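In what follows, a single structure is set out as structure tokens and then discussed.
The values are calculated or read from the model by the stated rules, or taken from the named source; none is laboratory data. If you're wondering where the values come from, they're calculated on a predicted model, not measured in any experiment. Don't worry about glycine lacking a Cβ; one is built from the backbone with ideal geometry, like all the others, and counts go over all protein chains shown. The accessibility values were calculated without ligands, DNA or RNA, using every heavy atom of the protein model including side chains. Shrake-Rupley method; radii C 1.70, N 1.55, O 1.52, S 1.80 Å.
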Amino acid sequence: MAAYIIRRVFGAVLLLLIVSAVTFAIFFLVPRIAGQTMDQLAAQYVGKDANPQSILAVKQNLGLDQPLYFQYWHFLKQLFVGADFQFGPEATHCGVPCFGYSFKRHVEVWPELTARIPVTFSLAIGAAVIWLISGVAIGVVSALKRGSILDRFFMGVALAGVSLPIFFTGMLALGVLTVQWPVWEGVNYVPFTESPLDWAWNLLIPWCSLAFLYSALYARITRAGMLETMGEDYIRTARAKGLKESRVIGKHGLRAALTPIVTIFGMDFGLLVGGAVITETVFSFPGLGQYAIKSVQESDLPIVMGVTLVAAFFIVVCNLLVDLVYAAIDPRVRYS
């Protein structure tokens with residue numbers, strides 16, 4: 001088991017290095033290939049009111065006048081030891097981890113991201129708990145009641161959940177529950193440290209709207225997996241041995257059907273923690289997704305790069321956790 005964990009951790013670190021190289025290439029190498037000069041690239045980091053002095057400062061701070069390999073080394077180095085950005089006689093130190101410096105807003109990128117990560121994580125963790133429990137439970141019931149009215153009803157609702165986009169269900173829930181029937185006065189993010197009750201209450205509509213989309217998919221996958229596993233020989237053997245039906249379903253049937261659920265859950269949760277763009281925009285939550293959209297609209301490249309790296313980190317970490325959960329669910333994975 002230890003060797004399996006070491007292999008997976010090493011692979012995750014290697015993948016993060018590859019992601020950092022690809023991200024660096026997108027922002028620094030591709031513009032060169034497209035024919036941009038270093039002055040034009042530096043001007044994009046400064047903004048519309050760029051002048052020769054600010055362009056020169058950005059070139060020196062980012063090392064754009066240095067070879068490409070030196071720029072990439074500087075890009076990696078600042079993540080672990082920080083960096084100093086010089087603007088005339090003034091200097092700004094970017095602490096560890098340094099994800100860059102916004103030359104348009106004159107702020108470090110990392111503190112801006114850490115202020116928004118709790119919002120996105122709050123949205124993702126609550127929705128994930130709801131959709132995982134409800135989706136798996138509905139899928140198991142539908143598989144055990146195959147062909148019944150209950151099964152058809154659940155699968156019909158699941159089909160609607162998969163088909164309806166989040167911006168439609170989110171806006172519909174807002175309109176019904178805050179305007180038509182004002183159960184909520186409004187939906188505004190409240191930090192958990194200020195009031196856990198208000199935090200959960202204001203997140204309930206976004207949680208349910210997001211969970212409706214994902215739980216529908218999980219219900220369909222769980223149902224298909226359960227129908228396949230419940231017809232296996234070892235299930236008949238377990239029943240023939242006199243095991244309780246609940247034990248047969250829970251330990252032998254559901255456990256074998258969880259592998260695809262774990263896979264997509266790790267990917268979905270990682271993507272959401274990296275930024276639930278549409279959901280945060282619909283509900284005006286100041287998370288990573290909404291921040292990324294604003295930064296793209298304003299062409300604030302250091303922030304866009306920082307959000308990209310943070311999102312990639314969460315996705316890689318979630319996939320690493322999925323690999324470790326595989327080993328717990330199916331011991332054969334450890335020896336593969």
For region 43-114, the dipole about the Cα centre with charges only on Cβ (Lys and Arg +1, Asp and Glu -1), to the nearest 20 debye, works out at 140
Relative contact order as a percentage, region 194-336, C-alpha pairs under 8 Å and 6+ apart, gives 22
Over the chain, the sum of -39500 (n - 2.57) across DSSP H runs of at least four, divided by residue number and rounded to 500 deg cm²/dmol, gives at 222 nm -22000 deg cm²/dmol
Projected onto the charge dipole of region 75-168 (unit charges on the beta-carbon of Lys, Arg, Asp and Glu, signs +1, +1, -1, -1), the Cα from 128, 138, 109 with the largest positive-side position is that of 138
With +1 at each Lys and Arg Cβ and -1 at each Asp and Glu Cβ, the charge dipole magnitude of region 198-336 around its Cα centre, to the nearest 20 debye, comes out at 900
On the formula 1/(1 + (r/R0)^6), with r taken between the Cβ atoms of residue 180 and residue 137 and R0 of 35 Å, the FRET efficiency rounded to 0.05 is 0.75
For the chain, longest principal axis from Cα atoms; helix 166-175 axis from its Cα atoms; angle between them, nearest 10 degrees, is 80
Cα gyration tensor of region 27-160 diagonalised, 5x eigenvalues square-rooted, in angstrom largest first, produces semi-axes 51, 18, 14
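Taking only C-alpha pairs under 8 Å that are 6+ residues apart, what is the relative contact order of the chain in percent?
Relative contact order here is 22 percent.
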All alpha-carbon distances of region 85-182, grouped into 10 Å bins from 0, give the whole-percent distribution 12, 23, 22, 17, 14, 8, 3, 1
Of 60-69, 288-297, ordering from highest average Cβ density within 10 Å down gives 288-297, 60-69
Here Rg/Rh (Cα, Kirkwood) for region 203-274 equals 1.12
Ignoring ligands and nucleic acids, residue 268 exposes an accessible area, probe 1.4 Å, in Å² to the nearest 10, of 20
Lone Cys, the chain, Cβ cut-off 4.7 Å -> 208, 318
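What ranking, highest mean first, results for peptides 153-164, 125-136 when packing means the other Cβ atoms within 10 Å averaged over each residue? Could the numbers behind the result be given before it?
On the way: 153-164: 15.4, 125-136: 19.3.
With the highest mean Cβ count within 10 Å placed first, the list reads 125-136, 153-164.
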Of the accessible area of the chain, computed with a 1.4 Å probe and all protein chains kept, carbon and sulfur make up a percent value of 68
Along region 93-109, Karplus-curve 3J(HN,Hα) (6.51, -1.76, 1.60; θ = phi - 60°) to the nearest Hz, with x for Gly and Pro, reads 9, 9, x, 7, x, 9, 8, x, 9, 7, 6, 8, 9, 6, 9, 6, 6
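So what is the accessible area of the chain per residue, in Å², with the probe set to 1.4 Å?
Using a 1.4 Å probe on heavy atoms only, each residue of the chain averages 53 Å².
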Between [x] 16.4; [y] 20.5; [z] 22.8, the structure-derived mean projected area of the Cα convex hull in nm² is [z]
